[in-house]
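Bear in mind that the values in this text are calculations on the coordinates, not laboratory data. The structure displayed is predicted, hence computed values, not measured ones. Cβ sites come from the backbone with ideal geometry, for glycine too, and all protein chains shown count toward neighbours.
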Amino acid sequence: MDRSSNYLVTGGAGFIGSHLVDALLAHGHSVVVLDDLTTGRTENLAKAQQNPRLRFRRGSVLDAPLVDELVRECDVVVHLAAAVGVKLIVEQPLKSFITNTKGTENVIEAAQRHERRILVTSTSEIYGKNSSGPLNENSDRVLGSPSVARWSYSTAKAVDEIMAVLYHRERGLRSTVVRFFNTVGPRQSSAYGMVIPRFARQAVRGEPLTVHADGRQSRCFLHVSDAVAALLLLLEHPDAVGEIFNIGAADEISIRELAERVIARAGSVSALEHLSYDEAYGPGFEDMERRVPDTAKLRALTGWQPRHTLADVLADAIADARAELRGDRSAQVPSTPEQRLPTCGPVAGTALAGR
Ligand code: UDP
């Protein structure tokens, strides 16, 4: 990037958000993070906080006046704040739905009011149960009943996308939407259901790896650095405005094979333990057999290519799980006083809430 800008990153203390913040600071930009620290952690900003161009504000995207103030003060908004993770969404469907619709509405409306460029992050959950092979941005959404939490989450994110696209078409908002497929890397918590940090953690502890159903369902896992590289390319590209892009990896692997690869790479003695979806997530849970992204649109516009293999992804996840086991960092319970972060304006509360 040739010009430095002031970025607002909502959800910037989260997994993907904090890696994006590191990259933006490395490119010479100034960054304000808005995060309510429900799933985000100040530990994720340990590297970023050494940079004087970082400011942190603890708060929610549901706080419309706060969102308005922070959007007004920035040049570009990256909206990542959301309730994420299948486990969290199943456990807190209403809270997730409100955060993911009303919160995003606040951010998009503020960006519209102040005529700011905005990148809105969405999810491959948009495609629902469509397991028909590589999914492009126009592939069908195949959803079950909205009373199933997973599909209400998918619907909430679809509402976000619709707002971003219609505000662009009808009111000139400079918006881009991205749909993250399974993204993995350092700092990803194992607490909200994501399979690789869970398997890595189980393997380094010698615990059984909990494979859901028969483990034949498949996914493609992208290293978070490659996801962030895609975001930077799209933020720079004028033709990304008004468009939706998939971001994900091409290599497909079954969950059972993934479990075996994690055990082998970790040199672990763990066994596999099969759990039914009902046992894992409660009655009525639905999964998709396959989820494979078609990223031709992103590659054609920006030349993006993932640089990390699944082996790199697993090596990082296992190293992260080992660091957690040694107590190098607390992956579950936030412990760093947020006063250590350079804040902008008053901060609500002085200590981090535990989870
Ligand atoms: N999964 C699993 N064991 C776990 C966590 C997840 O077998 O401990 C499965 C899950 O049911 C799904 C796949 O791994 O089929 C990917 O799950 P994740 O929540 O990481 O991502 P998503 O379902 O959103 O693709």
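What number, in percent, do you get for the relative contact order of the chain if the mean sequence gap of Cα pairs under 8 Å and at least 6 apart is divided by its residue count? Mind showing how you got there, number by number?
Values: 711 pairs, mean separation 67.6, N = 355.
Once divided by the residue count of the chain, the mean separation gives 19 percent.
Just add up the charged neighbours of Thr123: K/R +1, D/E -1, any other residue whose Cβ is under 10 Å from the Cβ of Thr123. Residues near Thr123 contribute -1 overall. For the chain, the residue among Asn138, Phe15, Asn51 whose Cα projects farthest onto the positive side of the dipole built from Cβ charges is Asn51. Put simply, the C-alpha atoms of the chain give a gyration tensor, and the ellipsoid matching it has half-axes of 30, 24, 20 Å, longest first.
Other residues within the sphere of radius under 14 Å centred on the Cβ of Gly284, judged by their own Cβ, net out at -3 (K and R +1, D and E -1).
The alpha carbon convex hull volume per residue for segment 38-128 rounds to 116 Å³. Counting charges near Ala264 (Lys, Arg +1; Asp, Glu -1) among other residues having Cβ under 14 Å from its Cβ returns a value of +1. Straight-line reach from Lys95: taking Cα to Cα under 26 Å and skipping same-chain neighbours fewer than 8 places apart, the lysines in range are Lys87, Lys129, Lys157. Got a sec? Charge dipole of the chain, +1 on Cβ for Lys and Arg, -1 for Asp and Glu; which of Thr42, His79, Val67 is way out at the positive end? Comparing the listed Cα positions along the dipole, Thr42 ranks first. Here the contact order of segment 121-176, divided by its residue count and restricted to Cα pairs under 8 Å and six or more residues apart, works out to 32 percent.
Here segment 269-320 and segment 92-147 have alpha carbon centers that stand 19 Å from each other. Remark: segment 102-108, residue by residue, has Karplus-estimated 3J(HN,Hα) of 5, x, 5, 4, 4, 5, 5 Hz, where x stands for each Gly or Pro and the curve is 6.51 cos²θ - 1.76 cosθ + 1.60 at θ = phi - 60°.
The helix-based estimate of mean residue ellipticity at 222 nm for the chain, built from -39,500 (n - 2.57) per DSSP H run of four or more residues and divided by its residue count, is -11000 deg cm²/dmol to the nearest 500.
Take peptides 40-51, 94-105, 283-294, 132-143 and line them up by average Cβ neighbours within 10 Å, highest first, as a rough protection proxy.
On the way: 40-51: 20.7, 94-105: 18.5, 283-294: 17.0, 132-143: 14.8.
By packing density, highest mean first, the sequence is 40-51, 94-105, 283-294, 132-143.
Restricting to the chain, compute how many DSSP beta bridges are antiparallel as a %, nearest 5.
Values: 3 of 41 bridges.
In the chain, DSSP labels about 5 percent of beta bridges as antiparallel.
When only Cα pairs below 8 angstrom with a gap of at least 6 residues are kept, segment 101-260 shows a relative contact order of 26 percent. Top mean-square fluctuation among Ser189, Ser147, Ser131, Gaussian network model of the chain, C-alpha springs under 10 Å? Maximum among the listed residues: Ser147.
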